[in-house]
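Every read-out reported here was derived from the displayed coordinates using simple, explicitly stated rules and does not represent laboratory data. Small disclaimer: the values here were computed from a predicted structure and weren't measured. Cβ: placed from backbone, ideal geometry, glycine included. Neighbour counts: every protein chain shown.
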Amino acid sequence: MRSAEGLSIESEPTDEFTLSLQLRMQNHALSEQIEALKSAGGGGTSGGMEGRVAKLEAHVETLRADVSAMKKDVGDIRTGLATLTERVAHLPGKGFVVTATTTTIALLTGIILFGDKIQTLLALN
């Protein structure tokens, strides 16, 4: 038969020395398992559990406060985005800009080309 640690244990010990040796090996294996449990904090038992739970609860409360602040920030961002979207909706479109620019260029070109005739017509010379 094999133990959890892979140690060979005979089903029926032949003498006291063998039995004593097997028990010492089992004791040593169990001691190692207990030490492994203790390394996780809390001494491998539920001892100190209240303190650890209280610490976790404090961390959860901090997280709740942070999430609440983030929700407020997201709400502010949504409000700002809605305002920006509304302002952009009232800006002139591409068609208006192209039409206004083309018209302005055409008027300036006409004034430059027909400047002398316009001055004569208005009797400014």
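Odds and ends about this structure:
- Between Ala82 and Thr109, the FRET efficiency from the beta-carbon distance, with R0 = 41 Å, is close to 0.40.
- Net length available on complete extension from Leu56 to Met25 is 7.3 nm, with 0.36 nm assigned per residue and the Cα-Cα distance removed.
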